[in-house]
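Please read the structure below before turning to the comments.
Readers should treat all values here as calculations from the given coordinates under stated rules, not as data from a laboratory. Keep in mind it's a predicted model, so treat the numbers as computed, not measured. In this analysis, Cβ positions are derived from the backbone assuming ideal geometry, glycine residues included, and neighbour counts consider all displayed protein chains.
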Amino acid sequence: MTTIPHQYPAPKTPRTPPVVQVRDLTKTFANGSVTALDQVDFEVPRGQLLVLIGLSGSGKSTLLRHLNGLHHPTSGDVEVLGTDVVTAQRRELRALRRRVGFVFQQFGLVGRLSCLENVLSGSLGRLGAPRYGVLTYGKALRREALGHLERVGLDDRAFQRADTLSGGQQQRVAIARTLMQSPELLLADEPVASLDPESSAQVMEVLARICVEDRLTVICSLHQVELALGWAHRIIGLRDGAMVLDQDAHDLDNAEVMRVYQRVQPGSGAAPVPAAQTAPVRVPAMGA
Amino acid sequence: MAVVEAPSPEAAPKPPAPDSHIRPPWTSQRVLLTALVAVGAIATVWGWNRIGLSLATFTEGWDDMGRLLDRMLPPRYTTVGRWVGLAVETFFMALMGTTIATALSFPLAFLAARNTTVNPFAYRASRAVITMARAIPDLIFAIIFVSAVGIGPLAGVLALGLHSIGMIAKLFADAIEEINEVPRDAVLSTGATRIQSLSTAVLPQVMPSFTSVALYRLDINVRVSVVLGIVGAGGIGFELQAALRSLVYDRGLAIVTVIMVMVVLVEWLSAVMRRSLLGADSAAVSFGQPRRRGALASLRRHRIAEPELAAAVPLPTGGPDAVTEDDGPAPEFDHRALTPPWTADRVRRFGYGALVLVGIAASFVSVDVSPLELLTSLPDAWRASSALFPPDFSTAFDGIVEGMVETVAIGIVATCFGTILSIPVGLLAARNVSPNRMTYLVARGFLVFVRSVPELILAVLFVAALGLGPVPGVIALTIGAVGFMAKLVADAIEQVDAGPREAVLSTGATRLQETFTSVIPQAMPSLISSTLYLLDINIRTSTILGIVGGGGIGFLLQNSTRVRAFETTGAIILSIFLVVLVIEQLSGWVRKQLI
């Protein structure tokens, strides 16, 4: 047992380059008529749990999909783990995705396969050849996968079919699958949106624990302000594709965050300063 | 109207509703349905006259059938051992053909599914191959291959293998298009390649339907491979044809019974396999472990309540659910835990898998076809197919038109009578409508019996009794249609909701009224859809009836290959292809409009 940090383990001043660097990212759909992302600009240091909040359609998912190259920006730069996502070739992108875990709202498990095999599929990126059936993965891989399942508390379900699990359990299996990639960055697109409060808390707990224990960078989009305040190191708020909030979770209270959800901004004085539009990126307060 | 005119004292007499209010409106659906019935009726009358059917044909035919039965009974089992051997060979032919078709369908289906294809061209090309394979009847493939590689099972296996692609690959592709895409995105975003995402996220999702389709096709192919024997593709069909040709009818009947036993056995086996494999799939497999609610859960609740404490990432500090942070060597896991447990379900899957593999291996050994021969025969098959080009319509134009018209007439008449007859039979064979258990069992038994004899074999028997011509063809096709359709009717009726039936019965309606008011309307959509499907099948089958002398274009087809006028054969195949395609598109369109 290592000692458990009871205090917020805020990332040290980054000596290493940031894990994610987004510069003036703009994305328009439908020939420019819809702006999904509007000059989004931030960077994320290693080991941070960053939560994106905002209304549906505010650009959270689009932003996450730019980070592993599922979307291509209209303008701006995206650099993730030292890879320029915008200019990367197919092969480079695949190499990047191998290092970036992605957790989906709908879990993305193959329901008929056992939990263990679903977790094992996270190792496909390093294997290269197609696999079918648990036994086509080596014993060492299976041992590793079982370890990850144990970490999310589901090793006793290894050979149960994934579709027999509850939603929260399925999401934890999906997280175990990304652990199989030994990710350096974990992206989670509303991982708890279809879960009940208790399962949501369990999933968030697993994410936060991995973040701390492995010094893994996690970027997670959420709807629930309470969960965001409860688990994030830092919160970025998006409205209509623009950043309207970027602060250390410590310095925020519920009312401030809720403002992100207001469709019409109250008088400019009362509104949180849209950080990205004027000032350079606000690095969260260190060592609070 | 006048009788009802006694106005009640309190209410002023309402004027009777105008007629337009008490007649159902002419919706486009109703117009189409009425038109369909009208066209069907006219077409049937036309077909009836075209074929030259009359009630006298049936009364006279009845006597002829009696005489034939006289000569057939009792069946004489002279060389049962030999026949069983031939039946097994026939089954192996079907198994091989299905195996080849399944193997070819695999890549084809992935190319022909919109969500897994590589580019639009590959999609269109593979869809075209599939449509073509389906539109050319298997017997025609067999005739081409017999002329290419000679008489014997190889021609049959090739014919089955190619024609079955039309159904297997189409249903495979449909299954692929219906998958849930999220797992695939998830696997791709781990950095997996396209191929890996197919094998890990797509294949497991479609495996149950693949298995079910392949087994279903095996059922069909067993019947077909009996028939293929008639055109020289070996097996028990060949033996039957020989017996009937030499007018040894009692032996013929004995062979027919052997065929029936084989067909029923295979159908039973594949039904058992399908049910057991798919049943295991739909039932959630649970090992009955209690849901784990450890320290995590309780800690989390606490966390939510006090968001200001969130900065501290709490970790369970002990207890069974504690997360061990071990920097040393990986903890030892029970070896058994790394391999799936041998649950009953897994044992069953392995058992059936092994059975199928052994069967396939046995089929390659026992049928005299080596995998190498399959490859080396391809150039011959290619040569035979290219001999069909360019199709020559000029030599036998009138004959082709005449034959096609007769073919369509046979198909329509058989569909009409088959449908009409199959409704009462289907009602009797539906568990929830049949008057009693005995009737139900007899009706179901009758259906199994009828379905176990392929239409072409029936046609052979009727031709023997009634002589050459379209009449025995129509009768054989109608009986086959009843076997096919009545089962669909019965299955559809068994799915009917019981609620409305009780409601209608509780108004004091008779059972027959209740059947017409609550059962048939509920089953109507599937009845219409089955009828249109039946028309498809019947037109296709009636193109080949002529091969055994049952009327239609098949006779001309058989003749043209006999005299090696392959370009005329090509013209005939092309016209069959077109007619089948048009009918299929038409019935597909109607089905889409109505349902």
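The modelled label-to-label distance for the pair A:E92/B:Q585, using points 7 Å beyond Cα in the direction of Cβ, is 4.8 nm.
When +1 charges are put on Lys and Arg Cβ atoms and -1 charges on Asp and Glu Cβ atoms, the dipole computed for the stretch B:368-423 relative to its Cα centre reaches about 160 debye.
Farthest toward the positive end of the dipole of chain B, out of B:W342, B:I42, B:L535, is the Cα of B:W342, where the dipole comes from beta carbon charges about the Cα centre.
How much mean residue ellipticity at 222 nm does chain A get from its helices, if each DSSP H run of length 4 or more adds -39500 (n - 2.57) and you divide by all residues, to the nearest 500 deg cm²/dmol? Don't skip to the end; give the middle numbers.
Working: 10 runs with 87 residues, N = 288.
Here the helix-only value at 222 nm equals -8500 deg cm²/dmol.
The share of alpha-carbon pairs in the stretch A:143-202 lying farther apart than 16 Å comes to 43%. Taking a ≥ b ≥ c as the square roots of the eigenvalues of the Cα gyration tensor, an a/c ratio of 1.5 or more together with a/b no larger than b/c marks the stretch B:40-133 as oblate. Site pair B:I22 and A:H223 shows an inter-label distance of 5.4 nm when each label is modelled 7 Å from Cα along Cα→Cβ. The HN-Hα couplings worked out from phi for the stretch B:379-391 by the Karplus form 6.51 cos²θ - 1.76 cosθ + 1.60 (θ = phi - 60°) are x, 4, 4, 4, 4, 4, 5, 6, 5, 6, 10, x, x Hz, whole numbers, x standing for Gly and Pro. Taking a ≥ b ≥ c as the square roots of the eigenvalues of the Cα gyration tensor, an a/c ratio of 1.5 or more together with a/b larger than b/c marks chain A as prolate.
Taken over the Cα atoms of the stretch B:505-570, the convex hull encloses 86 Å³ per residue. What FRET efficiency would be calculated for the residue pair B:W382, B:T510, taking the C-beta separation as r and a Förster radius of 56 Å, to the nearest 0.05? Calculated transfer efficiency: 0.30.
Taking the Cβ of each residue in B:R540, A:R23 as the centre, tally the other Cβ atoms inside 10 Å and list the residues starting with the fewest.
Numbers: B:R540 23, A:R23 16.
Result, fewest neighbours first: A:R23, B:R540.
Which value results for Rg/Rh of the stretch B:385-488 when Rg is the Cα radius of gyration and Rh the Kirkwood radius based on the inverse mean 1/r?
Numbers: Rg = 18.1 Å, Rh = 15.7 Å.
Here Rg/Rh amounts to 1.16.
The order of B:S105, B:S452, going from fewest to most other C-beta atoms within 10 Å of their C-beta, is B:S452, B:S105. This ranking places A:K139, A:K60 by how few other beta-carbon atoms lie within 10 Å of each, fewest first, which gives A:K139, A:K60.
Farthest toward the positive end of the dipole of chain B, out of B:V463, B:T78, B:A396, is the Cα of B:T78, where the dipole comes from beta carbon charges about the Cα centre. Seen from B:A56, the other residues with C-beta closer than 13 Å to its C-beta sum to a net charge of -3, counting Lys and Arg as +1 and Asp and Glu as -1.
Ordering of B:497-505, A:51-59 by packing is A:51-59, B:497-505, highest average first (other Cβ atoms within 10 Å, averaged per residue). Peptide A:119-125 has a mean of 6 when you count, residue by residue, the C-beta atoms of other protein chains within 10 Å of its C-beta. All other residues whose Cβ lies under 12 angstrom from that of B:I255 are scored, Lys and Arg at +1 and Asp and Glu at -1, for a net of +1.
Along the charge dipole of chain A, pointing to its positive end and built from +1/-1 on Cβ of Lys, Arg, Asp and Glu, which listed residue (A:Y137, A:L25, A:L245) has its Cα farthest out? It is A:Y137, whose Cα lies furthest towards the positive end. Computed extension gain for B:R82 through B:M524, at 0.36 nm per residue and net of the alpha carbon distance, reaches 154.4 nm. Temperature 37 °C, viscosity 0.692 mPa s: under these conditions the Stokes-Einstein estimate for the stretch A:54-159, based on its Kirkwood radius over C-alpha pairs, is 207 µm² per second. Each label was represented as a point 7 Å from its Cα along the Cα-to-Cβ direction; for B:N115 and A:T26 these points are 3.5 nm apart.
The stretch between B:V37 and B:V401 holds 128.4 nm of extra length on full extension. This uses 0.36 nm per residue minus the Cα-Cα distance. Taking the square roots of 5 times each eigenvalue of the Cα gyration tensor of the protein assembly as shown, largest first, gives ellipsoid semi-axes of 64, 35, 27 Å.
Calculated FRET efficiency, B:F389 to B:V347, Cβ-Cβ distance, R0 = 45 Å: about 0.30 to the nearest 0.05.
Distant-in-sequence amide contacts of B:A430, defined by a placed amide H-H separation under 5 Å and a gap of 5 or more residues or a different chain, comprise nothing.
So for the stretch B:88-218, Kirkwood radius off the Cα pairs, Stokes-Einstein at 4 °C and 1.567 mPa s: how many µm² s⁻¹? Provide the component values of the computation, followed by the final result.
Working: Rh = 15.5 Å.
Using the Kirkwood radius from Cα pairs, D works out to 83 µm²/s.
Sequence-distant contacts, meaning Cα pairs under 8 Å at least 6 residues apart, place the relative contact order of the stretch A:163-227 at 40 percent.
Give me the dipole magnitude in Debye, nearest 20, for the stretch A:97-252 about the Cα centre, with unit charges on the beta carbon: positive for Lys and Arg, negative for Asp and Glu.
Numbers: 18 positive and 19 negative charges, 202 e Å.
So the dipole magnitude of the stretch A:97-252 works out to roughly 980 debye.
How much FRET efficiency would the formula 1/(1 + (r/R0)^6) give for B:N49 and A:R112, where r is the Cβ-Cβ distance and R0 is 60 Å, rounded to 0.05? Please report the intermediate quantities before stating the final value.
Numbers: r = 55 Å, r/R0 = 0.92.
The computed FRET efficiency comes out at 0.60.
Sequence neighbours fewer than 8 away in the same chain don't count; with that in mind, list the aspartates and glutamates whose C-alpha is under 17 Å from A:K139. A:K139 reaches A:E117, A:E150, A:D155, B:E332, B:D334. The Kirkwood radius of chain B, taken over pairs of alpha-carbon atoms, gives through the Stokes-Einstein law at 4 °C and 1.567 mPa s a diffusion coefficient of 46 µm² s⁻¹.
Please report, in debye to the nearest 20, how large the charge dipole of the protein assembly as shown is about its Cα centre when each Lys and Arg carries +1 at its beta carbon and each Asp and Glu carries -1 there. List each step's numbers first, then the result.
Details: 75 positive and 73 negative charges, 211 e Å.
With only Lys, Arg, Asp and Glu charged at Cβ, the dipole is about 1020 debye.
The length gained on full extension between B:L73 and B:M132, counted as 0.36 nm times the residue separation minus their Cα-Cα distance, comes to 17.0 nm.
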